[in-house]
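The values are calculated or read from the model by the stated rules, or taken from the named source; none is laboratory data. Nothing here was measured: the structure is a model prediction, and the numbers come from that model. Virtual Cβ from ideal backbone geometry, glycine too; neighbours counted across all protein chains shown. For the accessible areas, the whole protein counts, side chains as well, though only heavy atoms, and no ligand, DNA or RNA atoms are used. Shrake-Rupley method; radii C 1.70, N 1.55, O 1.52, S 1.80 Å.
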Amino acid sequence: MRSLQTILIALFISLMLSACGGGSSTESTETASNPQDETIVSNDGETAGNTNDTGTPADNGSQDNSGSGSTEETTDPTPTPVAPPVSSVTNPTPAPSTGSDTSGSTETPVEEAAPVTEEEAAPVVEETVTRGAPVLLTANISGEDVLLSWNNDNSDPDGGYDVWIDELDMGTDRTAATSATITGLDLGVRHCFKIESRYVEASEFYVSNEMCTEAQAAANEAPTISGTPETSVDVGSAYSFTPSADDADGDDLSFSVANLPFWASFNTNTGALTGTPAAQDVGDYNNIRITVTDGTDDVTLAAFSIRVNTVEVAAATGSMSLRWTAPSTRIDGTPLSLADIDGYTIYVGTSQSNLQMYVDVNRGDISSYTIDDIELGNYYVAISAYDLSGRASELSNVVMKSVN
């Protein structure tokens with residue numbers, strides 16, 4: 001390799017001399033002694049040759065092309081300075097040289113490349129984005145809301161998700177989550193839902209599968225019940241209370257009662273509580289509760305109490321009219337004038353053997369009398385006369401009188 005390089009360098013020098021008008025070179029093993037000779041140095045530090053003032057190349061002698069890396073030179077009393085080598089190696093670490101090379105070759109310097117940073121040297125990895133539709137998993141009714149959930153095996157859409165309701169794109173429901181709560185729908189009708197993945201940067205949108213909810217039956221309206229029952233009743237008086245009840249749905253209503261007084265009755269069709277307490281029913285009847293139902297919901301009127309009051313009833317009375325004939329003789333048979341009679345005593349009893357004085361009529365000149373305010377019933381009556389001296393006659397005959 002060294003021999004080939006030496007030959008090429010020699011050929012290059014010959015071409016240079018020819019271009020300068022010089023004659024053929026004479027090879028020598030000695031260096032010319034002309035003090036004005038100039039040494040041309042190659043980039044690798046080897047001597048290329050000498051040129052005198054006339055442009056005729058000096059005889060540098062023969063070179064060793066054996067590849068040993070060394071070059072023989074003749075002794076010059078005045079050494080010619082050697083120019084510093086010009087680097088043409090782009091590699092910061094030059095290849096080691098095995099010796100001095102005097103081939104005289106000249107190479108064009110190459111500008112050293114700027115160092116490469118770690119960020120510039122690192123390979124650029126383009127992010128892989130997969131786009132596709134989500135999968136709608138659930139669409140369940142919860143109270144008055146619809147709960148949706150979905151997943152997406154593709155890349156998350158940069159524009160989030162849109163909820164489609166009944167084929168309408170509800171942009172106001174846009175979300176980055178994978179679930180949504182839909183409110184304000186009329187659940188009495190059927191609704192269908194889809195989810196749209198919005199890849200806005202790529203202007204691509206993908207719609208999921210569809211799921212629907214079935215129409216829900218309208219919520220039942222509970223009935224209403226009202227009314228203010230009387231809280232007391234007298235013995236022997238009629239009691240009656242019927243509550244007011246209504247149902248917005250028009251459902252048939254029925255009634256029930258708790259703690260019904262035993263003297264009263266109850267109508268399950270109207271809710272009426274009626275009855276007439278007797279004397280033995282005197283007392284308090286508490287926590288009476290009337291309930292109405294439409295078959296779905298029950299509503300109970302506020303609990304109430306009824307007090308049965310004792311009533312003092314005056315006994316029924318009447319009048320008893322009596323008439324008699326004044327006696328004309330005394331017990332001993334002597335005559336008795338009306339002027340000698342001072343008054344009469346009336347005896348009344350419930351039996352003939354139990355007659356008691358009832359009233360004293362302090363007048364001898366009358367022969368009739370009416371007893372007022374006597375209780376109704378049957379009575380036995382007899383009369384006795386007494387004179388001015390207070391002596392009484394025997395009882396008259398006994399008669400029965402009815403007061404009604």
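Among the residues examined, Asp332 qualifies as exposed (fewer than 14 other Cβ atoms within 10 Å of the Cβ) and either under 30 Å from Leu260 (Cβ atoms) or out of contact with any Leu (no Cβ under 9 Å at 6 or more places or on another chain) (or both). Within segment 336-357, does at least one residue satisfy the condition of being in a strand (DSSP E or B), in contact with a Ser or Thr (Cβ under 6 Å, 6 or more places away or on another chain) and open to solvent by less than 90 Å² (accessible area, probe 1.4 Å)? Checked against the condition, which is being in a strand (DSSP E or B), in contact with a Ser or Thr (Cβ under 6 Å, 6 or more places away or on another chain) and open to solvent by less than 90 Å² (accessible area, probe 1.4 Å), segment 336-357 yields at least one hit. Quick one: count up the residues across segment 363-384 that are assigned to a loop (DSSP other than H, G, I, E, B), closer than 18 Å to Leu395 by Cβ and open to solvent by 60 Å² or more (accessible area, probe 1.4 Å). Adding up the residues that qualify gives 0. The set of residues in segment 152-168 that are in a loop (DSSP other than H, G, I, E, B) and more than 11 Å from His191 (Cβ to Cβ) comprises Asn152, Asp153, Asn154, Ser155, Asp156, Pro157, Asp158, Gly159, Gly160. For segment 216-230, residues that are more than 40 Å from the chain's Cα centre (by Cα) and either farther than 20 Å from Asp284 by Cα or of a type in the set (D, E, K, R) (or both) total 1.
One residue stands out in segment 209-225 among those that are out of contact with any Asp or Glu (no Cβ under 7 Å at 6 or more places or on another chain) and open to solvent by less than 60 Å² (accessible area, probe 1.4 Å): the one that is farthest from Val308 (Cα to Cα), namely Met211.
Against the test of being crowded, with 17+ Cβ neighbours inside 10 Å and under 48 Å from the mean Cα position of the chain (by Cα), the options Val233, Val292 yield a single qualifying residue, Val292. Applying the selection to segment 161-194, what residues are of a type in the set (Val, Ile, Thr), closer than 12 Å to Leu148 by Cα and open to solvent by 40 Å² or more (accessible area, probe 1.4 Å)? Hits for segment 161-194 are Thr178, Thr181, Thr183. Looking only at residues in segment 195-208 that are aliphatic (A, V, I, L, M) and outside any loop (DSSP other than H, G, I, E, B), the one that is least open to solvent (accessible area, probe 1.4 Å) is Ile195. Residue count for segment 313-326 under the criterion of being open to solvent by 40 Å² or more (accessible area, probe 1.4 Å) and either of a type in the set (D, E, K, R) or touching a strand residue (DSSP E or B) at 6+ places or on another chain (Cβ under 6 Å) (or both): the result is 5. Right, Ala303: in contact (Cβ under 8 Å) with a residue 24 or more places away in the chain and not aromatic (Phe, Trp, Tyr) or not? Considered against the rule, which asks whether it is in contact (Cβ under 8 Å) with a residue 24 or more places away in the chain and not aromatic (Phe, Trp, Tyr), Ala303 comes out as no. For Gly390, state whether it is in a loop (DSSP other than H, G, I, E, B) and at positive phi. For Gly390, the condition - in a loop (DSSP other than H, G, I, E, B) and at positive phi - is met. Output yes when any residue across segment 247-257 is farther than 30 Å from Ala217 by Cα, over 36 Å from the mean Cα position of the chain (by Cα), modelled with pLDDT of 95 or more and open to solvent by 20 Å² or more (accessible area, probe 1.4 Å), and no when none is. Yes, that holds for at least one residue.
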